[in-house]
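Data block below; observations after.
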Ligand code: NAD
Ligand code: UGA
């Protein structure tokens, strides 16, 4: 019993997570469903033109698709046939009504809960994979358990993978978190989910890395974990401005701060600020929760993490403006990288998008290049004129006054920068907002170089 799995939502979370669950549980049938027909068709495409780019994902999907991993739009059938339902639908920031701009929009999630209740032909374990406000499981349980025949156990199992390293993070997670009720049925459900993560014959996550808590702690931990990570990025970016003003070097400062074992070296890289679908959304959600419980000072504290992040992107444009003789109108700027980080095509909340809009307000002729994010970027900026998209970075930089590097794609460090310099208008500027290029070599070539925090 409690064997077959369905995941509702075939996005950045549902697809990779279920592919790895299927690979590690060859004796379970795993079905990923979505209402988005185009997305499901891409997951099923013969040539593996999957809807998201993630290193290593295609290899895992090739091993299991059609064997014990299936993608389908028939949500009803999949829900009826399974024992464990993961819910991985989107929970974006609500843009209307009460809590607009901060609270989570739970309409997709609630529609899913109601569908499960409507279609179930037996009791099931329902697993929250989406990131949700604390106490959402109580609402889900209330909706599901209106059923007169069957009982449902609701568990919280937030996902901690990062895009770009999703497959590695799933194969070797620091921890898996399962929040469940402490009664007998709840504990049985938790054990069933632990079995999934243990994998066939214990081939996957070691038991000591599977942490169990009560449901509310699990829900809150996910928001808190993202808020802590986002806060570290804002903290180092707050120091970066001070470095620029004083002659200190933020990478040196970060290296030494991070050598303290109590702090650790990760998430101390100054840059254009954090992007991605979750940091901003989850911090805003935390702010909303704090406010709802009357914790206004805590709400203000977390709000500053977002303010600092927005400020970092405005500062990039201000520095370009100043460095380019206080006028950007009709100048060509080549933006290298549009994805919110390297190794993904995802552009949700990308700092590059915000900076691109500010530059277009200054009437810049913007030419954007990215190895994986051109399609998403084109869609994001469809409402503004004056943006050209180039697959080839050399073409993007031709006749430009400046190169503005926004994403730390490894390949940018290996470009022929002398060739780029020759093709640009002089004086030629490189603003490396990720501090990932060899600034000394660029200066030697003739470039004026700007960095963040230096
Ligand atoms: P996504 O938008 O890529 O995917 C969500 C999918 O759910 C979409 O394809 C959508 O069509 C589908 N969906 C919506 N309503 C549905 C319904 N009623 N029935 C069937 N399908 C439905 O989002 P994502 O990035 O995968 O994020 C999903 C959740 O996971 C969010 O709560 C997010 O906070 C959380 N999360 C995401 C990441 C990440 O790296 N992207 C990491 C950890 C947690
Ligand atoms: C983040 C978390 O790292 C995951 O644990 C979490 O599961 C996920 O959010 C989520 O809930 O969606 P992700 O947004 O995919 O993952 O990527 P990160 O590696 O965390 O990077 C986020 C942003 O911060 C990127 O724009 C990145 O460039 C930036 N960043 C990160 C920095 O500017 N400096 C750093 O030192 C680290």
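Quick note: the coordinates plus some simple rules give every number you see, no bench work behind them. All values derive from a computational prediction rather than experimental measurement. Because the Cβ atoms are built from the backbone with ideal geometry, glycine has one as well, and the counts that use them run over all protein chains shown.
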- Averaging sequence separations of C-alpha pairs under 8 Å and six or more residues apart, then dividing by the length of the chain, give the relative contact order as a whole percent. 12
- Item | Degrees separating the helix 107-119 axis from the principal Cα axis of the chain, which is the longest one | 20
- Rounded to the nearest 500, the 222 nm mean residue ellipticity computed for the chain from DSSP H runs (n ≥ 4, each -39500 (n - 2.57)) alone is -13500 deg cm²/dmol
- With each pseudo-label sitting 7 Å past Cα toward Cβ, what's the residue 139-residue 414 distance in nm, one decimal? 4.8
- Item | Gain in span if fully extended, residue 384 to residue 266, counting 0.36 nm per residue against the direct Cα distance | 38.9 nm
- Query: Against the longest alpha carbon principal axis of the chain, how many degrees, from 0 to 90 and to the nearest 10, is the axis of helix 215-246 turned?
  - Reply: 10
- With a/c under 1.5 counting as rounded, go ahead and sort the stretch 7-94 into rounded, prolate or oblate using the C-alpha gyration tensor (a ≥ b ≥ c being the square roots of the eigenvalues; past the cut-off, prolate if a/b is larger than b/c, else oblate). rounded
- Hey, rough spin-label estimate for residue 245 and residue 110, points 7 angstrom out along Cα→Cβ, what's it come to in nanometres? 4.6
- Task: Take the Cβ-Cβ distance between residue 448 and residue 256 as r, set R0 to 41 Å, and report the resulting FRET efficiency rounded to the nearest 0.05.
- Result: 0.90
- Query: Which distance in Å, rounded to a whole number, links the C-alpha centroids of the stretch 230-295 and the stretch 91-170?
  - Reply: 29
- Quick one: compute the contact order of the stretch 214-454, relative version, from alpha carbon pairs under 8 angstrom and 6+ residues apart, as a percent. 20
- Query: Using the 10 angstrom Cβ neighbour count as an exposure proxy, how do 379, 80, 262, 28 rank, fewest first?
  - Reply: 262, 379, 80, 28
- Quick one: work out Rg over Rh on the C-alpha atoms of the stretch 84-233, Rh as Kirkwood radius. 0.97
- Length added when fully stretched, residue 438-residue 44, from 0.36 nm per residue minus Cα-Cα: 137.7 nm
- Task: Extending each Cα 7 Å along its Cβ direction at residue 184 and residue 58, get the distance between those two points in nm, one decimal.
- Result: 5.2
- Query: What full-extension length gain, to one decimal in nm, is calculated for residue 216 and residue 228 as 0.36 nm per residue of separation minus the Cα-Cα distance?
  - Reply: 2.5 nm
- Query: How many percent of DSSP beta bridges within the stretch 5-213 run antiparallel, rounded to 5?
  - Reply: 5
- Item | Burial ranking of peptide ranges 420-433, 347-360, 291-304 (average Cβ count within 10 Å, highest at the top) | 347-360, 420-433, 291-304
- Message: Ignoring solvent entirely, what values of log10 I(q)/I(0) come out of the Debye formula for the chain at 0.06, 0.09, 0.10 Å⁻¹ when each Cα is a single scatterer?
- Response: -0.29, -0.64, -0.78
- Message: Need one number: convex hull volume per residue for the stretch 129-204, Cα atoms only, in Å³.
- Response: 119
- Task: Averaging sequence separations of C-alpha pairs under 8 Å and six or more residues apart, then dividing by the length of the stretch 206-301, give the relative contact order as a whole percent.
- Result: 29
- Message: Which of rounded, prolate or oblate describes the stretch 306-454 when judged by the alpha-carbon gyration tensor and an a/c cut-off of 1.5?
- Response: rounded
- Measuring from the longest principal axis of the C-alpha atoms of the chain, the long axis of helix 351-361 (C-alpha) lies at a number of degrees, nearest 10, equal to 50
